[in-house]
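**Q** This is the structure I have questions about; it appears just below.
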Amino acid sequence: MALDGKKILLGVSGSIAAYRAADLCSQLSKLGLDTTAVLTAAAARFIGTPTFQALTRNPVYSDVFDEPESKRIAHIDLAQSASLVIVAPASANIIAKYAAGIADDMLTTCLLATPPTTPVLIAPAMNTVMWEHPATQANLATLRLRGVTILTPASGVLACGDTGTGKLAPVESILDAILAQLDRVTPIKHQDFTGIRVLVTAGATREPIDPVRFITNRSSGKMGIALALAAAERGACVTLLSGHITVASPLNPKITVVNAQTAELMHRAALQLFPEADLFIGAAAVADFTPVDVNDQKIKKLSTDSSGSSSLTVHLRQTADIAAAVGHAKRTDQVVIGFAAESENLLANAARKIETKNLDMIVANDITADGAGFDVDTNAVTLLWPDGRTLPLPQLSKREVAERILDSLYPLLTSRLQASVGA
Ligand SMILES: Cc1cc2nc3c(=O)[nH]c(=O)nc-3n(C[C@H](O)[C@H](O)[C@H](O)COP(=O)(O)O)c2cc1C
């Protein structure tokens, strides 16, 4: 997804969670989104406008009569130029005013002036009683009927000390929802992968120790899913071989999801599915080691020695390397690319893996870098080829990284497919 040129109108209202809008704003700016913050008067009492001005490099609006450009009417201009409007946090008051069509300050006036085709997202945050109040729920139902997306607040201990629903949704899931909406409004890419069969692995494997415990890793599956979606939207027929993922499986008629929770099951499924694929992308974080023995019953606590300690040893054996197995099984009409998630010697380790696994390209990412690697929405990767070429990419959303990966391997893929047809 190309985020360049996309404009976000970020509304902030008077909730104790207003400070978290600064984090959201910072993440939007880092993704290259041109963000403008509009604060209610109450929000401006919780958090200062200079914070948003510094994070967005745009003027911050709060007063409907404050018009920096004499040739433009600020609220109309902002509302009409926005690719997406998000109100986070949304107070009970702003939700009520928006549902009633009140326009008595800059934010509510912008909301009313937003064209119906522009996606609007609302992330409420308030005390549980306010959230559960029939008035608030009725207002939210009204907004839903008008096509507004409501990002349900989380449950937990609230700032007021109560426990219940009302905490602002995690910034990461707000960001996910924004990116998903922007995706929907982005014009469909050219269908250059039509007829190409893609097999993508995603997520973490879970290696059982006993019926309740397992060894796993921090992979969310977001990168693999972004690749599956990007390929499907460019016309490919995709099989997503999925380990454990922390996000929803993609719903796309061109994606078939096959689940494989352990390294062994994923290895078996990959080898079974690979002959029917033109392109294999190994984005899953497959365990390198798995317990030698899996206990049939839950392992009981051990009795402690005189010092009060006790220990349990779990013997691990190395698992089969899926990318290497696929790389060595590859026909001349197939392309195989892998991922190298490294915490040191990134490029040297990645280059070695290209050779030993017989890959056509590797995507190397430094998992210790900010905004890259596991469980975040962005990635900063370097692409490497067997002939020594490298292409470092800036920090991008995982979806944009996926598009760049597909762009980079497209020429090789089509030349191999054409050669096999001609042969
Ligand atoms: C300390 C404090 C915390 C508040 N937190 C919230 C909140 O989380 N959610 C909410 O809906 N209102 C909250 N309020 C009340 C709103 O600030 C108040 O209803 C205000 O009129 C909202 O104005 P706005 O919707 O124009 O921003 C809080 C007020 C105070 C003083």
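**Q** Tell me which trypsin sites (Lys or Arg not before Pro) from segment 1-63 have a DSSP coil assignment and no more than 15 other beta carbons within 10 Å of their own.
**A** Listed in order of number, the matching sites are Arg57.
**Q** Taking the Cβ of each residue in Val148, Val87 as the centre, tally the other Cβ atoms inside 10 Å and list the residues starting with the fewest.
**A** Val148, Val87
**Q** Just the ratio, please: alpha-carbon radius of gyration of segment 7-185 over 2.2 N^0.38 Å, N its number of residues.
**A** That ratio works out to 0.95.
**Q** Between Val381 and residues 5 or more places away or on another chain, which pairs have amide H atoms under 5 Å apart, with H built 1.01 Å from N, and which residues are they?
**A** Leu393
**Q** Nearest 10 degrees, 0 to 90: what angle lies between the long axis of helix 171-185 and the longest principal axis of the chain (Cα atoms)?
**A** 90 degrees
**Q** Pull out the extension gain between Ile73 and Ala54, defined as 0.36 nm times the separation in residues minus the alpha carbon to alpha carbon distance; nm, one decimal.
**A** In short, 4.5 nm is gained.
**Q** Let me ask something else about it. What does the C-alpha gyration tensor say about the overall shape of segment 331-400? Classify as rounded when a/c is under 1.5, otherwise prolate if a/b is larger than b/c, or oblate.
**A** The shape class here is prolate.
**Q** Only counting other Cβ atoms within 10 Å, I'd like Cys110, Cys237, Cys160 sorted with the fewest neighbours first.
**A** Fewest to most other Cβ atoms nearby, the residues stand as Cys160, Cys237, Cys110.
**Q** Using only DSSP helix segments of four residues or longer, with each worth -39500 (n - 2.57), what per-residue ellipticity at 222 nm results for the chain after dividing by its residue count and rounding to 500?
**A** That comes out to -10500 deg cm²/dmol.
**Q** Which order do the peptides 292-298, 309-315, 210-216, 141-147 take when ranked by the mean count of other beta-carbon atoms within 10 Å per residue, highest first?
**A** 210-216, 141-147, 292-298, 309-315
**Q** If you don't mind, there's one more thing I want to ask. Pick out which of Ala17, Ala44, Ala88 has the largest mean-square fluctuation in a Gaussian network model of the chain, springs linking Cα atoms closer than 10 Å.
**A** Residue with maximal mean-square fluctuation among Ala17, Ala44, Ala88: Ala44.
**Q** Collect residues whose amide H, placed 1.01 Å from N in the peptide plane, falls under 5 Å from the amide H of Phe214; neighbours closer than 5 in sequence don't count.
**A** Ile209
**Q** With a cut-off of 8 Å between alpha carbons and a minimum separation of six or more residues, what is the relative contact order of the chain in percent?
**A** Relative contact order here is 11 percent.
**Q** Within segment 191-214, name every residue whose backbone N is under 17 Å away from a label modeled 7 Å from Cα of Lys298 along the Cβ vector.
**A** Under 17 Å, as judged by backbone N against the label point of Lys298, lie 208-214 of segment 191-214.
**Q** Then there's this: What does the extension gain come out to for Leu271 and Phe65, with contour length at 0.36 nm per residue minus their alpha carbon separation?
**A** Full extension from Leu271 to Phe65 adds 67.7 nm.
**Q** Same structure, new question: Suppose every K and R has +1 on its Cβ and every D and E has -1 on its Cβ; what is the size of the dipole of the chain about the Cα centre, in Debye to the nearest 20?
**A** Dipole size: approximately 520 debye.
**Q** Still on this structure, please answer the following. Go ahead and run the numbers for FRET between Thr152 and Thr390, Cβ-Cβ distance against an R0 of 45 Å, rounding to 0.05.
**A** It comes to 0.55.
**Q** OK, next. Hey, what do the phi angles of segment 37-48 turn into as Karplus ³J(HN,Hα) couplings, whole Hz, using 6.51/-1.76/1.60 and θ = phi - 60°, x for Gly and Pro?
**A** Rounded to whole hertz, the list is 9, 10, 10, 6, 4, 5, 4, 5, 7, 8, 8, x.
**Q** Turning to a different aspect of this structure: Which whole-Hz ³J(HN,Hα) couplings does segment 122-127 yield from phi under the Karplus relation 6.51 cos²θ - 1.76 cosθ + 1.60, θ = phi - 60°, glycine and proline marked x?
**A** With the stated coefficients, segment 122-127 comes to 10, 10, x, 8, 5, 4 Hz.
**Q** If I build a Gaussian network model for the chain, linking alpha-carbon pairs within less than 10 angstrom, which residue out of Val198, Val157, Val286 has the largest mean-square fluctuation?
**A** Sorting by GNM fluctuation, first place goes to Val157.
**Q** 5 Å is the cut-off here: which amide hydrogens, built 1.01 Å from N in the peptide plane, fall below it relative to Ala90, excluding neighbours closer than 5 in sequence?
**A** Ala123, Ala125
**Q** Continuing with this model, one more query. Hey, can you rank 357-365, 337-345 by average C-beta count inside 10 Å, highest first?
**A** Peptide ranking by packing, descending: 357-365, 337-345.
Read-outs throughout are calculated quantities, based only on the coordinates presented, and are distinct from any laboratory measurement. Here the structure is a predicted model, which means the values were calculated and not measured. So basically every Cβ, Gly included, is an ideal-geometry build from the backbone, and we count neighbours across all protein chains shown.
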